[in-house]
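Visitor: The structure under discussion is supplied below as structure tokens; questions concerning it will follow.
The values are calculated or read from the model by the stated rules, or taken from the named source; none is laboratory data. Because the structure is a prediction, the values reported are computed rather than measured. Cβ: placed from backbone, ideal geometry, glycine included. Neighbour counts: every protein chain shown. Surface accessibility is based on the protein's heavy atoms, side chains included, excluding ligands, DNA and RNA. Shrake-Rupley method; radii C 1.70, N 1.55, O 1.52, S 1.80 Å.
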Amino acid sequence: MLIKSPKPSALKENQVTDEGIYQSRRTLLKSLGFIGASGLLAQTSTANAGLFDLFKKNPVKAFTVSPLKYQQAPLEISVTAQILTPEAKVTSHNNFYEFGAQKSQPAQLAQQFKVKPWQLTISGHCNNPLTLDYDDLFSSFELEERIYRLRCVEAWSMVIPWLGFSLTKLLQKAQPNSRAKYVVFETLYDPEQMPGQKNRRLGGGISYPYVEGLRIDEAMNPLTLMSVGLYGKTLPPQNGAPIRLVVPWKYGFKSIKSIVAIKFVEQQPANTWNTLIPNEYGFYANVNPTVDHPRWSQASERRITSGGLLARNRIKTQMFNGYGEEVAELYKGMDLSKYY
Amino acid sequence: MKRSQKTKTLLLKVAIHLAALLPIINLYIDAFADQLGADPVKAVIHYTGIGAFNLLLITLCISPLAKLLKQSFLMNVRRLLGLYAFTYTLLHLINFIAFDLQFDFSLLLSEIIKRPYITIGMLAFVLLILLAITSITKLKRSMGSNWQKLHNFNYFIVFLVAVHFYWSVKSDVSEPLLYFMMSFILLMWRRKKIQRWF
């Protein structure tokens, strides 16, 4: 008989509920496509409007997402959190500067984004470089659902049901050799489609393409996810369609979106935010309540759930975002205030 | 004051009340109903913050405009605009304490001490309190020429607010820089007055 002993960071499945959303999710899946789109339109946000731009409002035709087939993930990985962040919020509050530096902009400016055809190449120090086409992203590996906490470096967080596969499965297929010490990821560079890459102001002053990196052992950790969907369906573009990384114990900016290239390299790569503001954003970017951002505390965070202004949602931030059991070993002996 | 001047002042004041209050009421209705994007807390903080800055700049436009256009009645709405700038600032701070920090006062204290942009913001707020209190007519009279000296601090406040905005932004500084420029132009208009300080 197989006896599973859940890890401390994992809660029981019945503890992950959002007043009915979770329990009835499977029966709701078919209708969620409509709710997702209309919920998005209903949330035309005045969030970042100043007094000068009260009058520009434009509803957008939503990108089409389609349902995916997937496996329930084993409990000890998947069910690790409390209340799911509503889908409409997950898909309308995004840091994806390629589509505008304001949180509400990607949901508005990314709806025409073309994900077909898509090519993801895996190359560098490996014996079997390969390329995945759009359909391969969904068919090469069995998709599983992983419910992860996402902690943004800006001290807000969400709980998101991702669909995807462990990055390690993909990397192993490419057979990295002994010179592969780090893995570099790159977002699509296409200024015609990504207005933030064309216009420096819209794109938040970042130089593109966006680049991220992981140490090979971090990349090979089973928690590290290549996500192709959320809430049962393919990813909307504002969340990084068609494929993105999810590293749940690191700040959100490590979880690079709309990936076209993965490369095995020998030297630690320069990641975009670290290059831009080195004293504020590091390479490791592990969630760490004891190391503050120079301009704000990282000791606590606000969990984005349903509920308006009065939602009492400030909670303590956990070391490694609560995934220490799985990943603390990777950083044994390292001074995490130096390697932030 | 001429009758027409009085009517103009009254109409302008009504317009200012409406323009300042209606968006705020609308904002909070949406925010409490969770209809203000995914993070209504950040939304109300940013809206009241930038609104306060806008009102502060508009207040600073009044005396140059009154002179340029030879419309002295404009001076009658300056206090009202200043008080709305203060009200927005107060709401900005209340939003931060009540909805963002959720009354974690030890966190508030450490943030004020540790984060320069919050330190500066708080300093600007304290100065604005002084200006708001001394806008009461009786106090104004009893202060004599000291009143003007105190209220010239407004130029310093605008500078603090511009820095506060600049430091609070994550990467793209073009909007704060635009505000810096607008502040600079309005302060240049008073350069003689400001030079006398040094």
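Visitor: Take the stretch A:209-340, drop everything but the C-alpha atoms, weight them equally and run the Debye formula without solvent; then report log10 I(q)/I(0) at 0.09 Å⁻¹ to two decimals.
Guide: So the normalised log intensities work out to -0.29.
Visitor: Hydropathy first: keep DSSP H helices in chain B averaging at least 0.0 on Kyte-Doolittle, then drop any whose Cα extent along the axis falls short of 20 Å, and list what survives.
Guide: On the way: long enough: B:3-32 (43 Å, 0.79); B:40-69 (41 Å, 1.39); B:78-94 (24 Å, 0.90); B:116-133 (26 Å, 2.53); B:153-168 (22 Å, 1.43); B:174-188 (21 Å, 1.53).
Within chain B the helices that satisfy the rule are B:3-32, B:40-69, B:78-94, B:116-133, B:153-168, B:174-188.
Visitor: Return the sequence-ordered ³J(HN,Hα) values of the stretch A:90-95 in whole Hz as given by the Karplus equation 6.51 cos²θ - 1.76 cosθ + 1.60 applied to θ = phi - 60°, using x for Gly and Pro.
Guide: Result, ordered by residue: 4, 9, 10, 10, 10, 9 Hz.
Visitor: Quick one: Cα centre-to-centre distance for the stretch B:5-67 and the stretch A:295-338, in angstrom?
Guide: Between the Cα centres of the stretch B:5-67 and the stretch A:295-338 lies a distance of 36 Å.
Visitor: B:LEU123 to B:LYS192: extension gain in nm, 0.36 nm per residue of separation minus the Cα-Cα distance? Don't skip to the end; give the middle numbers.
Guide: Numbers: separation 69, 0.36 × 69 = 24.84 nm, distance 2.47 nm.
Full extension from B:LEU123 to B:LYS192 adds 22.4 nm.
Visitor: In what order, largest first, do B:LYS170, A:LYS173 sit by accessible area if the probe radius is 1.4 Å?
Guide: Working: B:LYS170 40, A:LYS173 90 Å².
Order by accessible area, largest first: A:LYS173, B:LYS170.
Visitor: Just to verify a number: what accessible area does A:SER104 come out at with the full protein assembly present, 1.4 Å probe, Å² rounded to tens?
Guide: Taking all protein chains as shown, A:SER104 has close to 20 Å².
Visitor: Could you compute how fast the stretch B:27-71 diffuses translationally, taking Rh as the Kirkwood radius over C-alpha pairs and applying Stokes-Einstein at 4 °C with viscosity 1.567 mPa s? Give it in µm² per second. Before the final figure, lay out the partial values.
Guide: Numbers: Rh = 12.4 Å.
Here the translational diffusion coefficient equals 105 µm²/s.
Visitor: Now a separate question. Binned at 10 Å from 0, what are the whole-percent values of the Cα-Cα distance distribution for the stretch B:2-51, short to long?
Guide: Bin by bin from 0 Å, the calculated values are 24, 36, 19, 15, 6, 0.
Visitor: Taking a label point 7 Å from the Cα of B:THR7 along the Cα→Cβ vector, which residues of the stretch B:72-116 have an amide N closer than 18 Å to it?
Guide: Within reach of a label on B:THR7, which here means backbone N under 18 Å from a point 7 Å along Cα→Cβ, the stretch B:72-116 contributes B:72-74.
Visitor: Step through the table entries B:LYS6/B:LYS70; A:LYS114/B:LYS170; A:LYS114/A:LYS250; A:LYS181/A:LYS254; A:LYS116/A:LYS173; A:LYS89/B:LYS42, compare each Cα-Cα distance with 19 Å, and write down the pairs that go over it. Before the final figure, lay out the partial values.
Guide: Details: B:LYS6/B:LYS70 16 Å; A:LYS114/B:LYS170 29 Å; A:LYS114/A:LYS250 28 Å; A:LYS181/A:LYS254 17 Å; A:LYS116/A:LYS173 23 Å; A:LYS89/B:LYS42 14 Å.
Violating the 19 Å Cα-Cα cut-off are A:LYS114/B:LYS170; A:LYS114/A:LYS250; A:LYS116/A:LYS173.
Visitor: Tell me the per residue accessible area of chain B using a 1.4 Å probe; a whole number in Å² is fine.
Guide: Numbers: 10730 Å² over 198 residues.
With the other protein chains kept in place, chain B gives 54 Å² per residue.
Visitor: Just checking the output field for A:300-313: average partner chain Cβ neighbours within 10 Å of each residue's Cβ?
Guide: If you average over the peptide's residues, the count of other-chain Cβ atoms is 5.
Visitor: Can I ask one more? Using the beta-carbon distance between A:LEU330 and A:LYS69 and R0 = 30 Å, what value does 1/(1 + (r/R0)^6) give for FRET efficiency, to the nearest 0.05?
Guide: On the way: r = 32 Å, r/R0 = 1.07.
It comes out at approximately 0.40.
Visitor: What is the average number of partner chain Cβ atoms found within 10 Å of a Cβ in A:135-141? Write down the numbers at each step before the final one.
Guide: On the way: counts 0, 0, 0, 0, 0, 0, 0.
Counting other chains' Cβ atoms within 10 Å and averaging over A:135-141 gives 0.
Visitor: Tell me which of B:VAL126, B:VAL77, A:GLY100 sits at the most positive position along the dipole axis of the protein assembly as shown, charges placed on C-beta atoms (Lys, Arg +1; Asp, Glu -1).
Guide: Farthest towards the positive pole: B:VAL77.
Visitor: In whole percent, and with a 1.4 Å probe on the protein chains, what portion of the accessible area of the protein assembly as shown is carbon and sulfur?
Guide: Details: 15700 of 25260 Å².
Solvent-exposed carbon and sulfur of the protein assembly as shown make up 62 percent of the total.
Visitor: Once label points are set 7 Å from the Cα along Cα→Cβ at both B:LEU21 and B:ILE112, what is their separation, rounded to one decimal in nm?
Guide: Once both label points are built, they end up 3.1 nm from each other.
Visitor: What accessible area, summed over both chains, is buried at the A-B interface (1.4 Å probe, Å², nearest 100)? Could the numbers behind the result be given before it?
Guide: Numbers: alone 16220 and 12380 Å², together 25260 Å².
Looking at A and B, the buried total is near 3300 Å².
Visitor: Run the dipole for the stretch B:88-178 about the Cα centre, Lys and Arg Cβ at +1, Asp and Glu Cβ at -1, nothing else charged, and hand back the magnitude in debye, nearest 20. Let's see the in-between values first.
Guide: Details: 7 positive and 5 negative charges, 113 e Å.
Magnitude of the dipole: close to 540 debye.
Visitor: Next question. Out of B:VAL163, B:VAL173, B:VAL77, any idea which swings most in a Gaussian network model of chain B, alpha carbons joined below 10 Å?
Guide: B:VAL173
Visitor: Quick one: give the max-minus-min coordinate of the C-alpha atoms of the protein assembly as shown along each principal axis, largest first, in Å.
Guide: Principal-axis extents of the Cα atoms in the protein assembly as shown, largest first: 91, 48, 45 Å.
Visitor: Which ³J(HN,Hα) values, rounded to whole Hz and listed in residue order, are derived for the stretch B:140-149 from phi using the Karplus coefficients 6.51, -1.76 and 1.60 in 6.51 cos²θ - 1.76 cosθ + 1.60 with θ = phi - 60°, glycine and proline given as x?
Guide: Per-residue couplings from phi come out as 4, 5, 5, 7, x, 6, 5, 4, 4, 4 Hz.
Visitor: More than 16 angstrom separation, counting every C-alpha pair in the stretch B:128-189; what % is that?
Guide: Details: 1020 of 1891 pairs.
When all Cα pairs of the stretch B:128-189 are counted, 54 percent exceed 16 Å.
Visitor: Still on this model: Within the stretch A:109-131, whose backbone N sits under 20 Å from a point 7 Å along Cα→Cβ of A:SER178?
Guide: A:124-129
Visitor: Give the Cα extents of chain B along the principal axes, in whole Å, largest first.
Guide: Cα extents, longest axis first: 51, 42, 36 Å.
Visitor: Okay, next question. What average number of partner chain Cβ atoms lie no more than 10 Å from the Cβ of the residues making up B:170-181? Mind dumping the intermediate values first?
Guide: Numbers: counts 13, 10, 11, 3, 6, 3, 0, 0, 0, 0, 0, 0.
Across the residues of B:170-181, the mean count of other-chain Cβ atoms within 10 Å is 4.
Visitor: Next up: Please label the shape of the stretch B:22-131 as rounded, prolate or oblate, based on the square roots a ≥ b ≥ c of the eigenvalues of the alpha-carbon gyration tensor (a/c under 1.5 means rounded; beyond that, a/b larger than b/c means prolate, else oblate). Don't skip to the answer; put the middle values down first.
Guide: Working: a/c = 3.05, a/b = 1.57, b/c = 1.94.
The shape class here is oblate.
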